[in-house]
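Accompanying notes for the structure given below.
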Amino acid sequence: MDSTQKRKIKVLTIALSILMAALTLRTVWMILEQGSSSDGYTNPSVAQRVVRGSIFDRYGNVIAIETPYYALAFHLDKMTDVEGTARAVAERTDLEVSGILETVAGHTRYALIKRRLTTRERELLEQLSLKGLVIEKRYGRQYPQVHHAASLVGFANRENEGMEGLELFYEDRLNPIPGINEKVTYGDDIYLTLDMNLQYIVDDAVLHMVQDHAAQSGTAILLDAHSGAILAASSYPWFDPNSYNLFSAAERKEQISSLIREPGSVFKVFTLAALIDAGYVNESDHFFCDGTYEYITESGNIIKINCTEEHGEVTPETMISKSCNGAVASWSKRMSEEELYSYLENYGFLTAHEISLPFPSSGYLAGIDDWSERTKPTLSFGQEIAVSPVQLAAAATTLAGDGNLLEPYLVEAILSHDGEQLYRAEIHQSSEQVVNSRAIALVREGMEEAVLTGTATPTAVEGVRIGAKTGTAQVADPDGGGYLKDTYLASTIALFPLENPRFIIYTAALAPRGGTIWGSAIAAPAISEVIRDMVRSGYIQSSVMESVIQSETESGD
C-alpha cells in the first residue's frame, strides 16, 4: 500500500469518528432538551385503601361488612418508660402489666399490644400523653349475624383476606386489587338467597335436635322447590366468624355441600320414582315382607336383606310409609345396573353443585364394573353411595315439581358498590324430565301416608299437608374397613305444602347418643318444628288457622 492510499484511509477514519461524535452529541442534546421541556414520567396514582364488599341476605340484612376499629401499639424506639406506660395501659384496659411486658419482650421498635379496643378503652387511652403509645385506626370484618350461616359465609382473616366459605370463593370480587387514579377501591356486594328469618328458625331446630339427642353434629337445608334457591342451611357445631381463631377447622367445616355420607332410607323415594318411571313398578305391585328378603345370585350366592321388622303385605305406597328394605330391594332387581346408574346421574348424585362454595363434593358411587352382586339392591335403600345434603335436597326438586331437576344456588345477585347490577341468578333446570308425573304422584302419596300413619308421623303439623321420608343409616369408617360401631346418621326429607310443594327440607343428626338412633325420632321432629315456626311467621298457611280466621270473620269477632 503506497503513501497516498494510507492518507486516504486516515482521512476517512477521522471523518467517520467526527460524524459519530456529532451524532452522539445530537442524541444527548435531544434527550436533555425533551427532558427539560416536557412534564416527564410520573408513577400512576394507586388507591391507598380497598373497601371489602359486603354480604347480605335476600332482603338486605347485613351478614358481613367492613367496619373500622382501633388497635393499641407501642412504638418502642420512641418510648422512654415502657414499664410505666404498661401500668397506665393496664389501668385503663382489661390487660395486665405482666401480659403487656410479655408482649413487648422480643420487640425493639414496634409491638401490637391489643388488636381491638373497646370504645371505653379507646376514650380512656386517648386521654394519655405518653411517648410511643399509639392508637391506630384499622379496618376489619364484622359479622353481625354471629354464628347464623357462618359455615356458608366463612370468614376473612386479620389481613381482611377471605379464608373460607363465600368469603374465599368471592375473594377477587369482594377484595379487588387497588385501582389506578382513584382514592378508594370498592369491592362488589354479594346478595344471597338466604332469608335470615328462616335461617334463625332452621338453626334453632337443628340446635334442639342435636342437644335433645346428644348428637355429634347436625345439618339442615331448606330449599325453594320452585327455583332451587337455598333459603337456609345449618351446620352444627357453629362458630363465630368474629372470633374464628377460637374454633377448630372441624367446628368451622361447611357440611351442606362438602360433607358426604350414605343417606340410608330417605333414598328410597328416588329409587321408587325411577322404577315407576321406567315401568318396572306400578300401583298393583305387592311384596310380602317377613322381616328378611333373600335371593340367589347368578353365581349361586345367597344375598340377605334385613328389615327392621315384619311389614307383611307391602305396596309401593306402603313401602315408603313402612320403609321396607326388602320390597324396594326386590323391585330394584328388575332394573339393569346401567339404567339405575343413569337415573342416579340424572338426579344429580354424581354432580358437584356449584353453589359458590369452595369445595363442593360430587358424591361417591363406584363405577358399574366395581359393583358387587348386592350393590344394586343395597343402593335402592341408600347404601354404597355417599351424597351431600344439597344433593339430596336438589334431587327432591324432581319430586316437588314436574320431574325436572333444578340446580340449587346460593347467590341471588352481585352489585357494585354504587348499585350497578353485575350478576343476577337465573333458574336452571334439566332439559329433560328425570321422572314422570305418574311416578311423582305415587311417591308423594307414599310420603304423605308416611306422615299420616307411617315412620314420618313426627313431622306432622296440623293443617299442613306434608310428605316425608325418614332414614337411619350406618356411617362408613373414614379409615376404611366397613362401618363405625354404634354410629348412625338419623335423617328425614320432606316436601310441603304437598298439594303444590313450595319448600324442600332435609335434616340429619350424626352419631346421636340420647337413647334412640332413628330418623323418625330425631330428624323428623326437627322438620315439624321448622314448619310450625314457618306457619307462625306467615311463610305458609295452615288450613286450621284459615278455618279459625274464617270462623272469626263470619261471627263478626
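For region 304-348, the set of residues classified as open to solvent by 20 Å² or more (accessible area, probe 1.4 Å) and among the β-branched types (Val, Ile, Thr) consists of Thr308, Thr315, Thr318, listed by residue number. Take the residues of region 247-261 that are outside any helix (DSSP H, G or I) and aliphatic (A, V, I, L, M): which is nearest to the chain's Cα centre (by Cα)? Ranking the qualifying residues of region 247-261, first place goes to Ile256. For region 97-122, residues that are within 11 Å of Ala86 (Cα to Cα) and of a type outside the set (Val, Ile, Thr) total 4. Return the pair list, or none, for Cβ contacts closer than 8 Å from residues in region 448-459 that are over 10 Å from Ile527 (Cβ atoms) to residues that are charged (D, E, K, R) and assigned to a helix (DSSP H, G or I), at least 6 apart or on different chains. Going by the 8 Å Cβ cut-off, the qualifying pairs are Glu449/Glu317; Gly454/Lys322; Thr455/Lys322.
Every residue, every condition in (1) charged (D, E, K, R); (2) assigned to a helix (DSSP H, G or I), yes or no:
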| residue | (1), (2) |
| --- | --- |
| Ala233 | no, no |
| Asn245 | no, yes |
| Tyr295 | no, no |
| Glu298 | yes, no |
| Thr308 | no, no |
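Only one of the numbered conditions (1) in contact with a helix residue (DSSP H, G or I) (Cβ under 7 Å, 6 or more places away or on another chain); (2) of a type outside the set (Asp, Glu); (3) on the phi > 0 side of the Ramachandran plot is violated by Cys289, and that is (3). Using the structure shown, decide if Ser235 is out of contact with any Gly (no Cβ under 7 Å at 6 or more places or on another chain), open to solvent by less than 40 Å² (accessible area, probe 1.4 Å) and either more than 25 Å from Asp486 (Cβ to Cβ) or in contact (Cβ under 8 Å) with a residue 40 or more places away in the chain (or both). Yes: the conditions hold for Ser235. Every residue in region 353-379 that is more than 21 Å from Thr492 (Cα to Cα), open to solvent by 10 Å² or more (accessible area, probe 1.4 Å) and touching a residue at least 60 places away in the same chain (Cβ under 8 Å), please. Residues satisfying the conditions are Ser356, Pro358, Phe359, Pro360, Glu373, Arg374. Looking at region 65-103, which of the residues that are among the hydroxyl-bearing types (Ser, Thr, Tyr) and in contact (Cβ under 8 Å) with a residue 24 or more places away in the chain is farthest from Gln145 (Cα to Cα)? Among those that are among the hydroxyl-bearing types (Ser, Thr, Tyr) and in contact (Cβ under 8 Å) with a residue 24 or more places away in the chain, it is Thr80. Look at (1) open to solvent by 10 Å² or more (accessible area, probe 1.4 Å); (2) closer than 15 Å to Ala273 by Cα; (3) touching a strand residue (DSSP E or B) at 6+ places or on another chain (Cβ under 7 Å) and you find that Gly382 fails only one, number (1).
All conditions but one from (1) within 25 Å of Ser430 (Cα to Cα); (2) open to solvent by 20 Å² or more (accessible area, probe 1.4 Å); (3) not aliphatic (A, V, I, L, M) apply to Asp285; the one that does not is (1). With respect to the conditions (1) in contact with a strand residue (DSSP E or B) (Cβ under 6 Å, 6 or more places away or on another chain); (2) surrounded by fewer than 18 Cβ atoms within 10 Å (Cβ to Cβ), Leu410 falls short on a single one, namely (2). Residue count for region 262-305, restricted to those that are over 30 Å from Leu510 (Cβ atoms) and under 36 Å from the mean Cα position of the chain (by Cα): 3.
Listed by position, the helices (runs of 4 or more DSSP H) enclosed by region 354-407 that each have at least 2 residues that are over 21 Å from Ile505 (Cβ atoms) are 375-380. Exactly one residue among Leu128, Leu76, Leu124 is more than 40 Å from the chain's Cα centre (by Cα) and closer than 23 Å to Tyr139 by Cβ, and that residue is Leu124.
The residues in region 327-353 that are closer than 18 Å to Glu384 by Cβ and not in a loop (DSSP other than H, G, I, E, B) can be counted, and the count is 14. For region 60-115, the set of residues classified as under 29 Å from Glu161 (Cβ atoms) and polar (S, T, N, Q) consists of Asn61, Thr67, Thr93, Thr103, Thr108, listed by residue number.
Quick check: anything in region 256-278 surrounded by fewer than 16 Cβ atoms within 10 Å (Cβ to Cβ), of a type in the set (Lys, Arg) and either closer than 27 Å to Leu231 by Cβ or modelled with pLDDT under 95 (or both)? Within region 256-278, not a single residue is surrounded by fewer than 16 Cβ atoms within 10 Å (Cβ to Cβ), of a type in the set (Lys, Arg) and either closer than 27 Å to Leu231 by Cβ or modelled with pLDDT under 95 (or both).
The values are calculated or read from the model by the stated rules, or taken from the named source; none is laboratory data. Computed from a predicted structure; not experimentally measured. We place every Cβ from the backbone using ideal geometry, glycine too, and count neighbours over all the protein chains shown. In case anyone asks, the SASA skips ligands and DNA or RNA and just uses the protein heavy atoms, side chains included. Shrake-Rupley method; radii C 1.70, N 1.55, O 1.52, S 1.80 Å.
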